[in-house]
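What follows is a set of notes on a single structure, which appears directly below.
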Amino acid sequence: MMSAKANILAKLRKSLEGTAPVADDYDVDLVTRPWSYPAEERIPRLRQLMEAVHTETHLTTTAEWPALLEKLLADKQLPSLLIALATAHGAQLAAHFAGREGLPRLKAYDRPIEQWKAELFDDTPASLTGTLGAIAATGSLILWPTREEPRLMSLVPPVHFALLKASEVYDNFFEVQQKQQWAAGMPTNALLVSGPSKTADIEQVLAYGAHGPKDLIVLILEDA
């Protein structure tokens, strides 16, 4: 039996029978030319825009970021950190912490949410995720939730640490879509994040952390 989704798509395809596609005369320069920067300006611009909306940024390297993260966890007195062990960065951090005492506890996101929902929401102060890159034009991180790093990892804990490769800072959104070939396959939840969550709905007073992390901390990994 055909599903409702398949039935709708079949009707849409049938409605196009006998028609000819119209050439797309869209001017790409409208969304690229004003938002292109020399390579040396991308990261400074990204940091300026993100820090203007209360995001904390740090420059580090692919080898040194675990030590920096360890220091930040201590400075912020965070007793535990949620990680995805199945990722390369999760494994790297676990190796850095292995066999050492007095460090924050690393929690692995390795269970269905139904089995530990209360702990995630009530006793998980911070998380670490990777990113798919960033956009200099808008000062935005690109989050692409996966099976290993579901959306709840970057949404629920009050503090979100995000790893960003310096080589994956792009000029503008159009460039991201083209170079990463988004048209070939989109996730169910692609996100552009510029800072910690905020709202001014209550008496028009700006408040942070209303519907997501109160603190967003980006570690920018420069090429070694």
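The values are calculated or read from the model by the stated rules, or taken from the named source; none is laboratory data. Just so you know, these numbers come straight off a predicted model, no measurement behind them. Here Cβ is always computed from backbone atoms with ideal geometry, including for glycine, and neighbour counts include all displayed protein chains. Each accessible area value is taken on the protein alone, full model and side chains, heavy atoms only, with ligands, DNA and RNA left out. Shrake-Rupley method; radii C 1.70, N 1.55, O 1.52, S 1.80 Å.
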ask   = Which is assigned to a loop (DSSP other than H, G, I, E, B) and among the aliphatic types (A, V, I, L, M), of 205, 218?
value = 205
note = Per the filter on segment 87-108, residues in a loop (DSSP other than H, G, I, E, B) and modelled with pLDDT of 95 or more are 87, 98, 103, 104
ask   = Is it the case that segment 89-109 has a residue that's in contact (Cβ under 8 Å) with a residue 60 or more places away in the chain, surrounded by 12 or more Cβ atoms within 10 Å (Cβ to Cβ) and out of contact with any helix residue (DSSP H, G or I) (no Cβ under 9 Å at 6 or more places or on another chain)?
value = no
request  = Working only within segment 125-181, note down all residues that are in contact with a Lys or Arg (Cβ under 6 Å, 6 or more places away or on another chain) and among the aliphatic types (A, V, I, L, M).
outcome  = 136, 169
note = Scanning segment 172-200 for residues that are in contact (Cβ under 8 Å) with a residue 60 or more places away in the chain and either within 14 Å of the chain's Cα centre (by Cα) or surrounded by 21 or more Cβ atoms within 10 Å (Cβ to Cβ) (or both), the one nearest to residue 215 (Cα to Cα) turns out to be 196
query = Can you tell me which of 44, 66 is open to solvent by less than 80 Å² (accessible area, probe 1.4 Å), within 30 Å of residue 124 (Cβ to Cβ), assigned to a helix (DSSP H, G or I) and not hydrophobic (A, V, I, L, M, F, W, C)?
reply = 66
ask   = Within segment 26-64, how many residues are farther than 25 Å from residue 88 by Cα, touching a residue at least 12 places away in the same chain (Cβ under 8 Å) and among the hydrophobic types (A, V, I, L, M, F, W, C)?
value = 7
inquiry  = Condition first: aliphatic (A, V, I, L, M), open to solvent by 20 Å² or more (accessible area, probe 1.4 Å) and within 21 Å of residue 46 (Cα to Cα). Now tell me which residues in segment 131-165 satisfy that.
reply    = 132
inquiry  = Can you say whether residue 59 is under 20 Å from residue 167 (Cβ atoms), of a type outside the set (S, T, N, Q) and not in a helix (DSSP H, G or I), as far as the supplied structure shows?
reply    = yes
